[in-house]
Amino acid sequence: MASKVLEELSENETDALKKTLCFLMKLNEMGILDTLNHLLEPEVIGGLSSLILNKGTLKLLDNVDTLLKSLGEVPKEPKEVGVFGLLGELRDPDVKRGLGFVIALLRSLGKALKSNFS
Amino acid sequence: MAVIRVDARGMACPGPISALTKAYRKAKNGDILEVLATDPGFKPDVQAWVKRTGNELTELTEEKDYIKASIKVTAKKT
Amino acid sequence: MKKVVILGGGGGGAILANLLPKDEFDVTVIDKKENHVFLPGNLFIAFMGHKKERYMKPLKELLKPHIKFLHDEIISLDLNERKIKTKGKEIEYDYVAIATGAHLDYDAISGNTELLNKFGDYYSGPENAAKLHNTLMGMKEGNFVIAVADPIYMCPPAPQKGAFLSSKFFAKRGLKEKVKVILALPFPHAYSSKVISDIIEPELRKEGIEVHTFFTVDSIDTKNKKIFSVEGEEINYEVAVVIPIHEGPEYEVKPAEVKDDSNYIKIDKYTSKVEGFDDAYAIGDCTNAPTSKSGVTAHLQAETVASRLQGFDAKYSGRTNCPLLTNGTGLFIISDYDHPPVPVKLSKFKRLMEDLFVATYWDAIRYPELWEPIFKAYFEATNPEVLGKEGW
Ligand SMILES: Cc1cc2nc3c(=O)[nH]c(=O)nc-3n(C[C@H](O)[C@H](O)[C@H](O)COP(=O)(O)OP(=O)(O)OC[C@H]3O[C@@H](n4cnc5c(N)ncnc54)[C@H](O)[C@@H]3O)c2cc1C
């Protein structure tokens, strides 16, 4: 039966099959198959999912393209800004918006840290 | 002629205008449609609706916890 | 063993069947169709030219091996006698779950059946979606109209999805200047919720999609190619899709009082129990629950009923998650019984998430134990209460 199946496989397929078996044997010898088997429980998957899928990560991922796009637009050598220059820059609406975002981020980071340490 | 009461209180989605539309499909000229709604967006929406459809808004009042609109059906094509 | 009979093996029925442990329940699913159809796929067939086979699978293969599948049409259900009649059989049960979806009544609007036969559409099934694709491939100019016959229909953002996807399709065919996409809706704005409407209106404008508000289809004159609205206006079309009037089950259900004016099964919106019965449930598009008719609703109600049948006090919150797709981006319409849709901005990431939901659909039905915890994490993270006014 098994030999019949093997006969019907092309050379490429036999090769892929051999490699897969070899890989599986290694996984088995190292105990990875057993470990994976035990990990595949609804509780573990649920715990892992809620760690990865939460309000913060979903918001972050939602903004990834905006963040990456704006990173790409930062000039290679941004000009230096001194204290007085900074005051001038603060009048720029784009800078204001960016600063607002950073401050909101700092505030919630501070809040999260406070509750972590108290 | 009939008074048709449409109670759309507590209805947010797709909203009281949808309930009104459903009743209007079956109504005849001369009928009164009395709509009760809690959705605050209903007031401007129903005003826009009568303007567009050419029916007559005979009453639009804010009761304690709901909005009441009475519409006289006049614009149905027969 | 408790004998559970599930009427209909669509999105809701198939998941419910697969969720019931085999050592406790003897489960039968009855469906008149051999193939389970993934209805959202209609959009991709009609407007992106996907093969229809991608969105159909034999129901038998989707159900776990221990589940019995009866391929037959349900004729009547007697809740007092606990009896189901199909064309060929009579079946008794301990528990019944009604999951036969919405009945699409094309004949209720004069001219709509003719329109369907001529052009196809993206509501009735993959065959008609493929037909609509052919129609659109042959279109050279004029108005492509998507209109709605009644404010209650499956997947509330589907007209807008159709408009965005068709607009992209015509642009690809180089017909942007020649074909105008027109969206005609019963609502005061471009979406039934103002919050969502404000988000998508600029996109609709950018795409050049014309929106007619307060337009509920009354009748169609197929000879002169005109659609008339209940509100007293008319639109000319070259090709049109009119989303038909939806209703609850057509077959007889006893006692008759469990159906409402539109034939929908009256249920308790939290437990999905049929009004007045402890051994009958209804889930998905066939019920009168005041939430969107969507696959997500059917899925979450199936989970609720599966838990209840196993003795837990599970409740469905009314949560929706209907995707709205534009040209390359997407958003989800997130609401529940206590919260109207929260503001959700369009993004590429949400479009990717929707594509992931579509790609994993078959696995989510076949292996609900694996997917339940993952979806649960997502639904918790995006609970309208958690997202709040600020949205996502
Ligand atoms: C274009 C489109 C896009 C959509 N997009 C989305 C989306 O993105 N997300 C989302 O959540 N939802 C979406 N939906 C909605 C979703 O597909 C439905 O809400 C969902 O399928 C409802 O599931 P159900 O089990 O209640 O009914 P259905 O899936 O309709 O299943 C009902 C089953 O019952 C069977 N049946 C009916 N009558 C009988 C009878 N008398 N005898 C025997 N069998 C019978 C039918 O053959 C069918 O298999 C979309 C719908 C459409 C049309």
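Worth pointing out:
- Approximating the spin labels as points 7 Å out from Cα along Cα→Cβ, the C:GLU90-to-A:LYS69 distance works out to 6.6 nm.
- Area hidden from solvent between C and B (accessible, protein heavy atoms only, 1.4 Å, total, Å²): 1600
- For the protein assembly as shown, the mean residue ellipticity at 222 nm estimated from helices alone is -12500 deg cm²/dmol, where every DSSP H run of n ≥ 4 contributes -39500 (n - 2.57) and the total is divided by all residues, rounded to the nearest 500.
- Estimated FRET transfer efficiency (C:ASP278, C:THR360; beta-carbon r; R0 41 Å; 0.05): 0.75
- With eigenvalues of the C-alpha gyration tensor scaled by 5 and rooted, chain C, Å: 35, 24, 20
- Percent accessible area from carbon and sulfur atoms, the protein assembly as shown, protein chains only, probe 1.4 Å: 56
- P(r), alpha carbons of region C:104-245 - 5 Å bins starting at zero, rounded %: 2, 10, 21, 25, 22, 14, 5, 0
- Each of C:SER262 and A:ASN116 was given a label point 7 Å from its Cα along the Cα-to-Cβ line. The distance between the two points is 5.0 nm.
- Considering only the protein assembly as shown, percent of DSSP beta bridges that pair antiparallel, nearest 5: 50
- Segments C:238-246, C:90-98, B:50-58, C:10-18 sorted - mean Cβ within 10 Å per residue, highest first: C:10-18, C:238-246, C:90-98, B:50-58
- Isotropic mean projected area of the C-alpha convex hull, region B:3-72 (nm²): 4.1
- Note on region A:54-118: the alpha carbon radius of gyration divided by the globular reference 2.2 N^0.38 Å gives 1.42.
- Helices meeting the span-like rule in chain C (full DSSP H runs, Cα extent of at least 15 Å along the helix axis, mean Kyte-Doolittle score of 1.0 or higher) are absent.
- Distance between the 7 Å Cα→Cβ label points at C:LYS60 and C:ASP26: 2.2 nm.
- For peptide C:347-356, the mean count of partner chain Cβ atoms within 10 Å of a residue's Cβ comes to 3.
- Treating r as the C-beta distance of C:LYS178 and C:GLU201 and R0 as 30 Å, the FRET efficiency rounds to 0.80.
- Mean projection of the Cα convex hull over all viewing directions, computed for the protein assembly as shown: 38.2 nm².
- Rounded Å value of the spacing that divides the Cα centres of region C:370-384 and region C:196-232: 35
- Members of region B:37-63 that become less accessible by 10 Å² or more once partner protein chains are added (1.4 angstrom probe, chain alone as reference): B:ASP45, B:ALA48, B:TRP49, B:ARG52, B:THR53
- Choice from C:GLN301, C:GLN160, C:GLN310 with maximal GNM fluctuation in chain C (Cα, 10 Å cutoff): C:GLN310
- Selected from C:LEU352, C:LEU309, C:LEU185 as most flexible by GNM, with chain C as the system and alpha-carbon contacts under 10 Å: C:LEU352
- Descending principal axes extents, region C:197-283, alpha-carbon based, whole Å: 52, 36, 21
- Across all directions, the shadow cast by the convex hull of region C:1-143 built on its C-alpha atoms averages 10.3 square nanometres.
- Highest GNM mean-square fluctuation among C:LYS68, C:LYS206, C:LYS273, for chain C modelled with Cα contacts below 10 Å: C:LYS206.
- Protein accessible surface hidden between C and A, which excludes ligands and nucleic acids, total in Å², probe 1.4 Å: 1400
- One Cα centroid belongs to region C:57-132, the other to region B:15-66; the line between them spans 36 Å.
- Rounded accessible area per residue of the protein assembly as shown, 1.4 Å, Å²: 52
- The mean number of Cβ atoms from other chains found within 10 Å of a Cβ in peptide A:48-54 is 6, as a whole number.
- Estimated vicinal HN-Hα couplings, Hz - region A:3-13 in sequence order (Karplus 6.51, -1.76, 1.60; Gly, Pro = x): 5, 5, 4, 4, 4, 7, 7, 6, 4, 4, 5
- Computed E for A:LEU39/A:LYS18 - FRET, C-beta separation, R0 30 angstrom, nearest 0.05: 0.65
- With a 10 Å cut-off around each Cβ of C:372-379, the average count of Cβ atoms from other chains is 6.
The values are calculated or read from the model by the stated rules, or taken from the named source; none is laboratory data. Note that the structure is predicted; figures quoted are calculated from it, not measured. Counting neighbours? That spans all protein chains shown, and the Cβs are built from the backbone with ideal geometry, glycine included. Calculation scope for accessible area: heavy atoms of the full protein, side chains included, ligands and nucleic acids excluded. Shrake-Rupley method; radii C 1.70, N 1.55, O 1.52, S 1.80 Å.
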